[in-house]
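Asks: Following this message is one structure expressed as structure tokens.
The values are calculated or read from the model by the stated rules, or taken from the named source; none is laboratory data. In this text the structure is predicted, and so the values were computed from the model without any measurement. In this analysis, Cβ positions are derived from the backbone assuming ideal geometry, glycine residues included, and neighbour counts consider all displayed protein chains.
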Amino acid sequence: MSRIAATFAELQRAGRKALIPYVTAGDPYADTTVDILLALAEAGADVIELGVPFSDPMADGPVIQKASERALAKGIGMAQVLQMVRDFRARNGTTPIVLMGYANPVERYDQRNGEHAFIKAASEAGVDGVLIVDYPPEECEAFATALKANGLDLIFLLAPTSTEARMAQVGALASGYVYYVSLKGVTGAGHLDASAVAEAVPRIRRHVKVPVGVGFGIRDAGSAQAVGRVSDGVVIGSRLIQLLENETRDNAPSAARRFIGEIRAALDDL
């Protein structure tokens, strides 16, 4: 059983919801990412999504786009992201880490280092899962097989526009959890419609046997609770990135800890 699967199984036994924060590697400061990850775990994050900076993050809105730009300007690439995971693992051996990003950095890493070099390096670094936004299920069966062989979960996005056929395709390959995008559009856009999420999640569960996490539009304790009532987990990214953007280097980890601690408390009140 993967670390992600074990985490969700334990949460289910305890009747709790998964809290899954997202941060961009290298933002707002290149040398604070590991401390931020540790702070998120200490505050009650069950899984952490670590964004791999990319110059054209097409699924992301302005907040995460700018975070990627800031990180790239500091020289943060896949090699640096993997080192951050290694450094985190040296101090935390339990909280699952999911790398979230786009195909280009993964394929570029393999071009430079050899076939499946990314998967091998990610596994050795202590990564638990991978979410590649622009890898649809029909194009990544070999990738999924190689990930599984190295103990990594492959996580997919589903959206309000996903068809029953698409859900079935995802269900055949997904492991760990699936990430349901609650809104049409990019990250940070629109307003959460909890009733629409409540209708969508049962449809997804008919095709997908892994837990369903929901993100996009979750900004505070209230929206987290609304999503937590109808899903297995809550993903929160843009609001956390916004909060960290204006923090000093010394204060960024404690600010992340306070915010995620508030969301954790709200979910535990359900």
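Asks: If you go through the stretch 6-47 one residue at a time, how many are within 22 Å of Leu72 (Cβ to Cβ) and assigned to a loop (DSSP other than H, G, I, E, B)?
Replies: Total satisfying the criteria: 8.
Asks: Considering every residue within the stretch 38-55, establish whether at least one is surrounded by fewer than 20 Cβ atoms within 10 Å (Cβ to Cβ) and over 24 Å from Asp220 (Cβ atoms).
Replies: yes
Asks: I need a count of the residues in the stretch 235-258 that are in contact (Cβ under 8 Å) with a residue 40 or more places away in the chain and in contact with a helix residue (DSSP H, G or I) (Cβ under 6 Å, 6 or more places away or on another chain).
Replies: Final tally of qualifying residues: 9.
Asks: Please find, among Ala125, Ala90, Ala146, the residue that is under 24 Å from Ala5 (Cβ atoms) and without any contact (Cβ under 8 Å) to a residue 24 or more places away in the chain. Break it down stepwise before answering.
Replies: Values: Ala125 fails: without any contact (Cβ under 8 Å) to a residue 24 or more places away in the chain; Ala146 fails: without any contact (Cβ under 8 Å) to a residue 24 or more places away in the chain.
Unique residue meeting the criteria: Ala90.
Conditions (1) over 25 Å from Val212 (Cβ atoms); (2) modelled with pLDDT under 95, marked per residue:
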site	(1), (2)
Lys66	yes, no
Gln83	yes, no
Glu107	yes, no
Arg112	yes, no
Val127	no, no
Val130	no, no
Phe156	no, no
Thr161	no, yes
Gln169	no, no
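Asks: Would you be able to say whether some residue in the stretch 146-165 is of a type in the set (D, E, K, R), closer than 30 Å to Ala121 by Cα and touching a helix residue (DSSP H, G or I) at 6+ places or on another chain (Cβ under 6 Å)? Steps first, answer last, please.
Replies: Going through the stretch 146-165, the residues of a type in the set (D, E, K, R) turn out to be 148, 153, 164.
Filter again for closer than 30 Å to Ala121 by Cα, leaving 148, 153.
Subsequent filtering for residues that are touching a helix residue (DSSP H, G or I) at 6+ places or on another chain (Cβ under 6 Å) retains 153.
Yes: the stretch 146-165 contains one or more residues that are of a type in the set (D, E, K, R), closer than 30 Å to Ala121 by Cα and touching a helix residue (DSSP H, G or I) at 6+ places or on another chain (Cβ under 6 Å).
Asks: Okay, moving on. Inspect all residues belonging to the stretch 203-221 and state whether any of them is farther than 23 Å from Gly171 by Cβ, in a helix (DSSP H, G or I) and modelled with pLDDT of 95 or more. So that I can check it myself, show each step before the final result.
Replies: At the first step, the residues of the stretch 203-221 found to be farther than 23 Å from Gly171 by Cβ are 217-221.
Narrowing further to those that are in a helix (DSSP H, G or I): 221.
Keeping just the survivors that are modelled with pLDDT of 95 or more gives 221.
There is at least one residue in the stretch 203-221 that is farther than 23 Å from Gly171 by Cβ, in a helix (DSSP H, G or I) and modelled with pLDDT of 95 or more.
Asks: Give me the helices (runs of 4 or more DSSP H) completely within the stretch 82-163, filtered to those with at least 1 residues that are touching a Lys or Arg at 6+ places or on another chain (Cβ under 6 Å) and buried (at least 18 other Cβ atoms within 10 Å of the Cβ), ordered by residue number. Steps first, answer last, please.
Replies: Numbers: elements: 103-113, 117-125, 141-149.
In the stretch 82-163, 117-125 are the helices (runs of 4 or more DSSP H) which contain 1 or more residues that are touching a Lys or Arg at 6+ places or on another chain (Cβ under 6 Å) and buried (at least 18 other Cβ atoms within 10 Å of the Cβ).
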